[in-house]
Amino acid sequence: MKLPSLFGGTRGLEAQIDLYFDKVQEAGLVFGRAMELYLERGVSEGFEELVRRVTEVEEEADDLRREIETQMTTHTLIPELREDVLSLIEQVDEVTNHYEAAVYSFYIQQPVIDAAYRADFAELARMVQQTAEEMVTAARAFFRDLSAVRDHVKKVQFYESEADKITTRVGRQIFESDLDLAQKMHLTSFLDRLDSIADTAEDIGDKLSILTIKRMV
Amino acid sequence: MSPGLFAYLSSGLFLGWSLGANDAANIFGTAVGTRMVRFATAALIASVFVILGAVISGAGASHTLGKLGAINTLPGAFMAALAAALSVYLMTQRGLPVSTSQAIVGGIIGWNLFMGRPTDPAVVSKFAFAWVASPIMAGIMSALLFLFARAVLRRVKIHLLRQDHYTRMGLILVGAFGAYSLGANNIANVMGVFVEVSPFPDLQLGPVVLSSAQQLFLIGGIAIAVGIYTYSERVMLTVGQDIVRLTPVAALVVVLAQSLVLFLFASQSLAAWLVAHHLPALPLVPVSSSQAVVGAVIGLGLITPGERVRWDVVRNIAVGWLLTPTVAALISVVGMFVLQNVFNLPVRP
């Protein structure tokens, strides 16, 4: 007969989950700073350094995620909660992947962003980072304070819709401009890439709402 | 045990088996069904504590059952228990809600009818009160316990992983208490009718003396444990997965409320304490754990906004409450007649 171990394992797991969310937040901050630098100076030494840093943080987050997954499958947690937490963490992992992919695509493809659109791109980058940031706060609240999840999910939805508006507005402006079609396509693919970060964060927010209703005591 | 005695006890043992098969699910169903506790763990805890409850605290409810009709022949006791077992079987086959407590009362009243003896209306009213009160009490208790648990959890903001850890441990502890209460309260259904005619002399086991009734309760407890091991897993999975989806905390509250109600209707010391303090004591009567669980779930439903209480379930409880003892009494009367006149067995003393 296997009785649950007393709190040691659970506390360790709690700390690791916290650390994991720290990494996701850090990836967001590095991503935000990298976007600022790119829009100011294009691919520069500082930008390259931040691209490396995003990769590092993403790898650290991946290692933590794997460790959490291993611990959770061997840990005597209530299976339903275990499945919910595992799928939540898998989905949050997509956000760090998106951050990494986004800065890499800027690094590799070096899109030329006309001065007229730079402020919009910067605003979009800030908005998607804000969406993901609120998503992480909502995810933390899911573990510690279920009643607060709803407030953060509301903010996630707000920022995501703002990001959508910017994407649509700037996309239209780009296609109405005199740029050649290849460049129009190139620039809007970057808008979409950035916006997909907010979309993923919103999906996680929706999932958190459902998980919270399931858990609400 | 002689084969003849075993044959007479077999109806009670069958009743015990079906009790274990069905009612252990009320205690560990949500925990096992949602895979919070493994079946092997649940079965072991349930079996050990059912037997302890039966042997240590089984006398109270059994005594009241004896007052309903002191069956004083083995064939009579056999038939009363068989009538209860058959009515449980028949009603289950038809998908009607059924309680062994109500069935055995019907079986005893059947014996009274056959003997032409009056059934004490004061005792019958005790049973009627307990059957109406037990689901209502379980409902009130589960609502209060849930409100308390919610207030505490919202205040302390405990980490979800730790909360689940505590809940799992709580389910095991409360499950053990629930099994003890089930054994204490419901062993009377299984072996109560045989107490008057128990052929066992007192048994000295080191410092412990097992009375004649306690030896019967031990055998009955083992029959319940066999029911738990052989058949209850399926019922537990049905209870835990198909009927209600409760949050882990709600599941814990439901089991605790049910266990408290069974315990209150079985605890001689609590009843004695209440009487000593001039307070009204609850009758020590076997009640239905299934109906207590339904009461507890309805109690939660009433305080949860947006949750619809299934009044059709409540109606089914009421129907079962009337139908089960009636059917059991009829089978008992006919059975006694057949035993006496066809098999020439001494149903009358």
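The values are calculated or read from the model by the stated rules, or taken from the named source; none is laboratory data. None of these values were measured; they are calculated from a predicted model. Please note: Cβ atoms are built from the backbone with ideal geometry, for glycine as well, and neighbour counts cover all protein chains shown. The accessibility values were calculated without ligands, DNA or RNA, using every heavy atom of the protein model including side chains. Shrake-Rupley method; radii C 1.70, N 1.55, O 1.52, S 1.80 Å.
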Check: How much accessible area does B:LYS67 have with a 1.4 Å probe, in Å² rounded to the nearest 10?
Finding: 110
Check: With all protein chains present, how much of the accessible area of the stretch B:3-341 (probe radius 1.4 Å) comes from carbon and sulfur, to the nearest whole percent?
Finding: 70
Checklist line | Estimated FRET transfer efficiency (B:ALA151, B:LEU322; beta-carbon r; R0 41 Å; 0.05) | finding: 0.60
Check: Across peptide B:27-35, how many C-beta atoms of other chains are within 10 Å of each residue C-beta, on average?
Finding: 1
Next item on the list: Provide Rg and Dmax in Å for chain B, with only Cα atoms included in the calculation.
Entry: 19.9, 70
Next item on the list: List the residues of the stretch A:78-118 whose accessible area drops by at least 50 Å² when all protein chains are present, compared with their chain alone, using a 1.4 Å probe and counting only protein heavy atoms.
Entry: A:ILE78, A:PRO79
Margin query: Before I look further, what does the protein assembly as shown give for accessible area per residue, probe 1.4 Å, in whole square angstrom?
Written below: 43
Item checked: Average Cα contact separation per residue, the stretch B:3-341, under 8 Å, 6 or more apart, as relative contact order % -> 40
Checklist line | Eligible aspartates and glutamates near A:LYS23 by straight Cα distance, threshold 12 Å, same-chain separation 8 or greater | finding: A:GLU56, A:GLU58, A:GLU59, A:GLU60, A:ASP62, A:ASP63, A:ASP93, A:GLU133
Next item on the list: Provide the FRET efficiency to the nearest 0.05 for the B:PHE343-A:ASN97 pair, computing r from the beta carbons and using R0 = 60 Å.
Entry: 0.15
Item checked: chymotrypsin sites (Phe, Trp or Tyr not before Pro) within the stretch B:268-349: DSSP coil, no more than 15 neighbouring Cβ in 10 Å -> B:PHE343
Item checked: A:GLN110 versus B:ARG38: modelled label distance in nm, points set 7 Å from Cα along the beta carbon direction -> 6.1
Next item on the list: On a 0 to 90° scale, report how tilted helix B:74-93 is relative to the longest principal axis of chain B, with both axes built from alpha carbons and the result rounded to the nearest 10.
Entry: 40
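Determine, from the Cβ-Cβ distance of B:VAL313 and A:ASP164 and an R0 of 60 Å, the FRET efficiency 1/(1 + (r/R0)^6), rounded to the nearest 0.05. Working shown, then result.
Working: r = 47 Å, r/R0 = 0.78.
Calculated transfer efficiency: 0.80.
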Checklist line | Size of charge dipole - the stretch B:3-341 - debye, nearest 20, with Cβ of Lys, Arg +1 and Asp, Glu -1, no other charges | finding: 1000
Item checked: Distance between modelled label sites at A:GLU123 and A:THR188, nm, 7 Å Cα→Cβ extension -> 1.9
Item checked: Rg over Rh, two decimals, the protein assembly as shown (C-alpha only, Kirkwood Rh) -> 1.20
Margin query: Within the stretch B:43-64, list the residues whose amide N lies under 14 Å from a label point set 7 Å along Cα→Cβ of B:VAL208.
Written below: B:48-58
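With N residues in the stretch A:117-186, what two-decimal value do you get for its Cα radius of gyration over 2.2 N^0.38 Å?
The stretch A:117-186 yields a ratio of 1.46.
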Note to self: Run the numbers for A:GLU83 and A:ASP62: contour at 0.36 nm per residue of separation, minus the present Cα-Cα distance, in nm.
What the structure shows: 5.8 nm
Check: Can you list, bin by bin at 10 Å, the percent of alpha carbon pairs in chain A, starting at 0?
Finding: 8, 32, 31, 18, 8, 2, 0, 0
Next item on the list: Mark the label point 7 Å from the Cα of B:SER269 along Cα→Cβ and return the residues of the stretch B:41-58 whose backbone N is within less than 17 Å of it.
Entry: B:52-58
Item checked: Solvent-accessible area, 1.4 Å probe, carbon plus sulfur percent, for chain A -> 51
Next item on the list: Express the relative contact order of chain A as a whole percentage, based on alpha carbon pairs under 8 Å and six or more residues apart in sequence.
Entry: 24
Next item on the list: Mind jotting down the distance between the C-alpha centroids of the stretch B:9-30 and the stretch B:233-306, whole Å?
Entry: 17
